Amino acid sequence: MKLTADRPYANPEKAARRIMEHARAFEPIQDGRIYIEKINRPMIDEDKATPAEYWAGLQHAIKQGWLEYHESGTFVRMNQAGKDLFA
C-alpha cells in the first residue's frame, strides 16, 4: 500500500533542471545576476517542491557548474554550462 504520492523533485537532478528553467525565464540584471527569490519562490510555491528538495536541486546545479552561487546568498549567475543546457 502506497500512502504518499511521488515527489517529482525528490531527485536532485530533476529539481536542478527545473531550477535552471526558472533561472532562464528571468532576465538577468547587473552583471548577469539572478535574484535567488526569482528561482526559489516559483519552485516552492508553484511547483510545490519542499525547501529540502529546492536546496538539493540548487546544490546539484552548483556542483554541475550550471550556476554560480554568490556568497551573500542573494543571487546566482548562470555559467556557460547552464546556458548550454538550453542550446
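Quick note: the coordinates plus some simple rules give every number you see, no bench work behind them. Keep in mind the model is a prediction, meaning the values are calculated, not measured. Because the Cβ atoms are built from the backbone with ideal geometry, glycine has one as well, and the counts that use them run over all protein chains shown.
Applied to the range 45-54, the Karplus parametrisation 6.51 cos²θ - 1.76 cosθ + 1.60 on θ = phi - 60° returns per-residue 3J(HN,Hα) values of 7, 8, 7, 6, 7, 7, x, 5, 5, 4 Hz, with x for Gly and Pro. Looking at the range 43-87, the trypsin sites (Lys or Arg not before Pro) that sit in a DSSP loop and have at most 16 other Cβ atoms within 10 Å of their own Cβ are 48.
In whole angstrom, the chain maps to an equivalent ellipsoid with semi-axes of 24, 13, 11, each derived as √(5λ) from the alpha carbon gyration tensor and ordered largest first.
So, in the range 12-85, how many Lys pairs have Cα atoms under 16 Å apart, if the pair is 8 or more places apart or on different chains?
Numbers: 14/48; 14/63; 38/48; 63/83.
Within the range 12-85, the lysine pair count is 4.
With R₀ set to 22 Å, the beta-carbon distance separating residue 14 from residue 71 gives a calculated FRET efficiency near 0.25. In this structure, residue 30 and residue 86 have a Cβ-Cβ separation that, at R0 = 22 Å, corresponds to a calculated FRET efficiency of about 0.50. In sequence order, the range 17-29 has phi-based couplings of 5, 5, 4, 5, 5, 5, 5, 5, 6, 8, 6, x, 10 Hz under the Karplus curve 6.51 cos²θ - 1.76 cosθ + 1.60, θ = phi - 60°, and Gly or Pro positions carry x.
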